[in-house]
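The values are calculated or read from the model by the stated rules, or taken from the named source; none is laboratory data. Not measured: the values here are computed from a predicted model. Backbone-built Cβ (ideal geometry, glycine too); neighbour counts: all protein chains shown.
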Amino acid sequence: MNKYLAIDFGASSGRHIIGTKENGKIVLKEVHRFDNGPKKKNGHLCWDTEYLFNEIKKGLKKCGEAGEKPDFLGIDTWGVDFVLLDKDGQVLGDPVSYRDSRTKGMDEEVYKIIPEEKLYERTGIQYAIFNTIYQLMAIKKNDPEIMEKAETCLMLPDYFQYLLTGVAMSEYTEATTSNLVDPKTCQWDYELIEKLGFKKSLFKELVMPGTVVGPLKKELKEELGFDCTVIKAASHDTASAVMSVPTTDEKDNLYISSGTWSLMGVENREAICTPESHAANLTNEGGYEYRYRFLKNIMGLWIIQQVRHETGDKYNWDELSKMAYSKLDFPSRINVDDNCFLAPENMTEEIKAFCGRTGQKVPEGLDEVASVVYQSLADAYGRTITEIEDIVGRNFSAIHIVGGGSMNPFLNSLTARRTGRRVVAGPGEATAIGNIVAQMIKGGDFKDLNEARKCIYDSFGVKEYPADGEIIAGGKL
């Protein structure tokens, strides 16, 4: 029986989860969990990649100590962030977070070279000021010496696998978040890259999930006392999460990967790069087996997470949900996708300020603030469904919610009522499951993704919320 390790990085935490297939079902075991988050360094919000790699090794050592030595492992992270390496494989500059403000004005610099509508037509990726294309432009403009010395650009999951194996290899699903990949060829758009003034030699040929990277480096194998094979998972965490959506119905496959971000969309076999999808700011990110994740990035649970942190995490998710439920009649709403909510000094005050400057009633207590956030998020889901249905030309009877947010009965039931769609919630560990499933298909435990998805449903089940059901007051996230 093979053991598969998912090293799953979120923007606020990471985890090592072992997966096996036992008696026809997928069984998970968490071995290690650790905190994550960008920290201020040299005036920027940065990732501590040295700390994160040490946590990777710490988790691997725990696997060995627990008798859970993996045969295979895969890594996934959030999208868009990267490192630049010099000729000796050393990181140049700091690994800056997508939440940093260095990209301010860089969209205008890019559009001097290629207009926004032409960029979308060419890559199919929605506008977000933190996309890799704008981060690289910031380096080119502000730190040209770094760009000059750079020999390799690796997205973060590719970089961590490079540290494990010594092999520099770029994975497709993660790369598509860069806004530099051609959705027709599913390779880097080298003509665009050169047009923007970036060296095309920085970018390695893209490989698909399931590609074998190689064994652990000799010194790491000796340090751990075991070896395993590193495999490319669907390295973008949303791509892995979407793999775990427990449905094989390609016509009714609307999903939300619900966590710090809410990624809402459908799987398509072809990219949609039309003026209509551009106007709706919908994206065509890469998926498993050249599927396209036609979706919208919605600022998800990040907002309420920050509000909770500002109370010193005094209240649990059940308590916050009940507070929001008690103020369902509170009328104000925020635009959850407004850039003001990306990284404010104080989220609670930013919510109040937004309501004030838009002429709405300003929430006072935590109960009213929570109500504004949750209801605004559910309303955003409703608007996005309409946009997606209009563009793809089909209607959806259900929303499949996976990830941490699927464990919140209040938000799930509120979403069902506000969107008029049945909500099918689960599994909660969607990203880790998708990561493991990509490895299991390569390892021969499943013949394809459809077989794996049937097993996910059988293994973890779902909870359903009817469109006309009652809104549930509480629920633990």
| Is at least one residue of region 49-63 in a loop (DSSP other than H, G, I, E, B) and modelled with pLDDT of 95 or more? | no
| Tally of residues being touching a strand residue (DSSP E or B) at 6+ places or on another chain (Cβ under 6 Å) and surrounded by fewer than 16 Cβ atoms within 10 Å (Cβ to Cβ) across region 184-213 | 2
| query | Taking region 1-26 as the search range and keeping residues that are assigned to a strand (DSSP E or B) and among the hydroxyl-bearing types (Ser, Thr, Tyr), which one is nearest to GLU451 (Cα to Cα)? | reply | THR20
| Selected residue [closer than 22 Å to ASN335 by Cα and of a type in the set (Val, Ile, Thr)] from ILE472, ILE399, ILE436, ILE456 | ILE399
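Here is a yes/no grid of residues against (1) among the charged types (D, E, K, R); (2) under 18 Å from the mean Cα position of the chain (by Cα):
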position: HIS236; (1), (2): no, yes
position: ALA241; (1), (2): no, yes
position: THR248; (1), (2): no, no
position: PRO275; (1), (2): no, no
position: ARG291; (1), (2): yes, yes
| query | Of all residues in region 1-49, which are surrounded by 13 or more Cβ atoms within 10 Å (Cβ to Cβ) and polar (S, T, N, Q)? | reply | ASN2, SER12, SER13, THR20, ASN36, THR49
| field | Test: residue in region 40-48 that is closer than 21 Å to GLN439 by Cβ and outside any loop (DSSP other than H, G, I, E, B) | value | no
| said: I'd like to know if region 119-131 contains one or more residues that are in contact (Cβ under 8 Å) with a residue 40 or more places away in the chain, crowded, with 22+ Cβ neighbours inside 10 Å, at positive phi and in contact with a Cys (Cβ under 9 Å, 6 or more places away or on another chain). | reply: yes
| note | Residue count, region 125-178, condition farther than 19 Å from MET106 by Cα and of a type in the set (Gly, Ala, Ser), comes to 5
| request: Identify all residues within region 1-42 that are more than 15 Å from LEU156 (Cβ to Cβ) and among the aliphatic types (A, V, I, L, M); write none if there are none. | output: MET1, LEU5, ALA6, ILE17, ILE18, ILE26, VAL27, LEU28, VAL31
| request: Please verify whether region 27-37 includes one or more residues that are assigned by TED's automatic domain parsing to the domain that holds ALA175, of a type outside the set (Lys, Arg) and not in a strand (DSSP E or B). | output: yes
| Somewhere in region 64-87, is a residue in a helix (DSSP H, G or I), in the same structural domain as TYR162 (by TED's automatic domain parsing) and either basic (Lys, Arg) or out of contact with any strand residue (DSSP E or B) (no Cβ under 7 Å at 6 or more places or on another chain) (or both)? | yes
| If LYS221 passes every condition in (1) surrounded by fewer than 21 Cβ atoms within 10 Å (Cβ to Cβ); (2) touching a helix residue (DSSP H, G or I) at 6+ places or on another chain (Cβ under 9 Å) but one, which one does it miss? | (2)
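Condition check ((1) part of a helix (DSSP H, G or I); (2) touching a residue at least 24 places away in the same chain (Cβ under 8 Å); (3) surrounded by fewer than 19 Cβ atoms within 10 Å (Cβ to Cβ); (4) assigned by TED's automatic domain parsing to the domain that holds SER406) across all residues:
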| position | (1), (2), (3), (4) |
| --- | --- |
| ILE303 | yes, yes, no, yes |
| THR311 | no, yes, yes, yes |
| ALA324 | yes, yes, no, yes |
| ILE334 | no, yes, no, yes |
| ALA353 | yes, no, yes, yes |
| GLN360 | no, yes, yes, yes |
| field | Within region 266-280, tally of residues that are β-branched (Val, Ile, Thr) and farther than 10 Å from PRO183 by Cβ | value | 2
| task | Would you mind listing the helices (runs of 4 or more DSSP H) fully within region 178-257 where at least 3 residues are more than 22 Å from LEU156 (Cβ to Cβ), assigned by TED's automatic domain parsing to the domain that holds ILE125 and modelled with pLDDT of 95 or more? | result | 190-195, 218-224
| Only one of these conditions is not met by THR211: (1) within 25 Å of LYS57 (Cα to Cα); (2) within 19 Å of the chain's Cα centre (by Cα); (3) of a type in the set (S, T, N, Q). Which number is it? | (2)
| request: Determine whether region 424-440 contains at least one residue that is at pLDDT 95 or above, within 27 Å of ALA279 (Cα to Cα) and small (Gly, Ala, Ser). | output: no
| task | Just one of (1) part of a helix (DSSP H, G or I); (2) modelled with pLDDT under 95; (3) among the basic types (Lys, Arg) trips up ARG99, so point out which. | result | (1)
| message | I'd like to check something: does region 412-422 contain any residue that is surrounded by fewer than 24 Cβ atoms within 10 Å (Cβ to Cβ), of a type in the set (Gly, Ala, Ser), touching a residue at least 12 places away in the same chain (Cβ under 8 Å) and on the phi > 0 side of the Ramachandran plot? | response | yes
| Could you list, in sequence order, the residues of region 214-227 that are in contact with a strand residue (DSSP E or B) (Cβ under 6 Å, 6 or more places away or on another chain) and touching a residue at least 60 places away in the same chain (Cβ under 8 Å)? | none
